[in-house]
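Here is the structure we will look at, set down as structure tokens.
The values are calculated or read from the model by the stated rules, or taken from the named source; none is laboratory data. Because the structure is predicted, anything quoted here is derived from the model rather than measured. Note that we place each Cβ from the backbone using ideal geometry, even for glycine, and neighbour counts take in every protein chain shown. Accessible surface is based on the protein model in full, side chains and every heavy atom, while ligands, DNA and RNA are left aside. Shrake-Rupley method; radii C 1.70, N 1.55, O 1.52, S 1.80 Å.
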Amino acid sequence: PAGLYVVDRQAQQVHVFDRGGDWRASMGADSLVMPGAIAVDRGGRVFVADEADAAIHVFVGGERVARLGAAALRMARIDALAVDGNLLY
């Protein structure tokens with residue numbers, strides 16, 4: 001909803017650019033280690049899979065609000081994420 005979300009694996013964070021290409025925000029610098037797949041829902045929640053800790057981090061307004069461990073989700077590796085309504089795949 002805010003524009004283009006880019007995973008920056010080197011800086012260990014996600015950058016957000018508006019539709020004109022201007023930088024708007026960054027998130028995850030203090031919590032992501034090896035970000036990979038990303039999905040954003042209509043409400044602006046950002047879901048980021050982190051390969052290093054096998055978890056999905058949830059951000060709202062640029063702040064991490066939850067971390068879902070892959071062990072609890074019974075996943076070994078998260079290669080892709082998608083949002084469909086209230087469902088995260």
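Yes/no per residue for (1) modelled with pLDDT under 90; (2) in contact with a helix residue (DSSP H, G or I) (Cβ under 7 Å, 6 or more places away or on another chain); (3) not hydrophobic (A, V, I, L, M, F, W, C):
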residue: PRO35; (1), (2), (3): no, no, yes
residue: ILE38; (1), (2), (3): no, no, no
residue: ASP41; (1), (2), (3): no, no, yes
residue: GLY44; (1), (2), (3): no, no, yes
residue: HIS57; (1), (2), (3): no, no, yes
residue: ALA70; (1), (2), (3): yes, no, no
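Take VAL65 and tell me if it is part of a strand (DSSP E or B) and either hydroxyl-bearing (Ser, Thr, Tyr) or loosely packed, with under 12 Cβ neighbours inside 10 Å (or both). Taking the combined requirement at face value, the residue satisfies it.
For residues that are open to solvent by less than 40 Å² (accessible area, probe 1.4 Å) and either in a strand (DSSP E or B) or farther than 15 Å from ARG67 by Cα (or both), tally how many sit in region 26-57.
15
Just one of the listed residues (ALA82, ALA54) is touching a residue at least 24 places away in the same chain (Cβ under 8 Å) and in contact with a Phe, Trp or Tyr (Cβ under 9 Å, 6 or more places away or on another chain), and it is ALA82. In summary, LEU81 fulfils each of the numbered conditions (1) more than 11 Å from the chain's Cα centre (by Cα); (2) surrounded by 11 or more Cβ atoms within 10 Å (Cβ to Cβ) with the single exception of condition (1).
If you go through region 12-35 one residue at a time, do you hit one that is over 10 Å from the mean Cα position of the chain (by Cα) and closer than 20 Å to TYR89 by Cα? Within region 12-35, one or more residues are over 10 Å from the mean Cα position of the chain (by Cα) and closer than 20 Å to TYR89 by Cα.
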